[in-house]
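The block underneath contains the structure these notes are about, expressed in structure tokens.
The values are calculated or read from the model by the stated rules, or taken from the named source; none is laboratory data. Note that this is a predicted model, so its numbers are computed, not measured. All Cβ positions, glycine included, derive from the backbone under ideal geometry; neighbour counts span all protein chains shown.
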Amino acid sequence: MKLYKSLIYREMKLSRAYYGFCILFFALLITTVLVGLILPNVDEGVAPGEARLGFTLVSLVIPVLGALFVTRDGGNYKKDVNSGWARAVAAYPVTSKQRALAELLMRLISSLVFMVLGSVVTIVINANFGVNILLPYVSVWMLSGAVGLLIDAGLGVIVMLTRDKKQLKKYIVIANVAMIALLGTVAKYIPSFDESIATKKLLERIVDTLYSGWFFLICAAILCAVSALFLFVYARSYERREA
């Protein structure tokens, strides 16, 4: 246990600048969402379903962006390479699996802390408007966090495939181009949202799904599966770096 505490402390200390940025970004994001929800005059004649729809879609910006940033790499890999730690650690009694598990735990713990801090939005919305968005908030946070871990797992695969810095840069460029192409392809299939009845019904179905228990379980299962993949890929990646 002391070993993992030391490794997690090391990872967090190296990431303090990145998490400082995350705190500022998160505070700005929460403030923007709260101001956008509280300042406008809410018509008391708005139906409960419409209120839930609006508050849910606006407030979920926090878990989508927050979890995605918090679960990403804080630049530790570059620091390890520049300091020589990536090779020197091979002489220490620390296995690649232990390092990968410490990395995963650090990200999950940090994500949990930020998720709790961001839940202040759910408390404010529930207190002022009577809409409880805690369940979709947690579900979307887990799903977005899984995406962040999956992206870094992909970077870990790139590290395993490279043999030198030149090849690493080439693979990173290819990965970025592929990501942009993928996002562009997905964007083509996103329906345009207008004020039509069909669009409103679609959004209502999406929100109903977010509030469902089965969606919460699916998000939890996805996070567990991606965490296992992240652990496997990073362990192999650390073995590759130490070789």
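Numbers below:
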| item | result |
| --- | --- |
| Qualifying residue in region 209-232 (condition: modelled with pLDDT under 85 and within 24 Å of the chain's Cα centre (by Cα)) | no |
| Near pairs, Cβ below 7 angstrom, 6+ apart or cross-chain, from region 106-119 (within 14 Å of A146 (Cα to Cα)) to any residue that is β-branched (V, I, T) and not in a helix (DSSP H, G or I) | R107/T71; S111/T71 |
| Positions within region 124-149 being of a type in the set (A, V, I, L, M, F, W, C), in contact with a Ser or Thr (Cβ under 6 Å, 6 or more places away or on another chain) and under 14 Å from A67 (Cα atoms), in sequence order | L149 |
| Selection within region 131-158 - outside any helix (DSSP H, G or I) and either buried (at least 22 other Cβ atoms within 10 Å of the Cβ) or in contact (Cβ under 8 Å) with a residue 60 or more places away in the chain (or both) | V131, I133 |
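To keep it simple, each residue is scored yes or no on (1) surrounded by fewer than 16 Cβ atoms within 10 Å (Cβ to Cβ); (2) at pLDDT below 70.
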| position | (1), (2) |
| --- | --- |
| Y9 | yes, no |
| K13 | yes, no |
| Y19 | no, no |
| C22 | no, no |
| L29 | no, no |
| D43 | yes, yes |
| Y77 | no, yes |
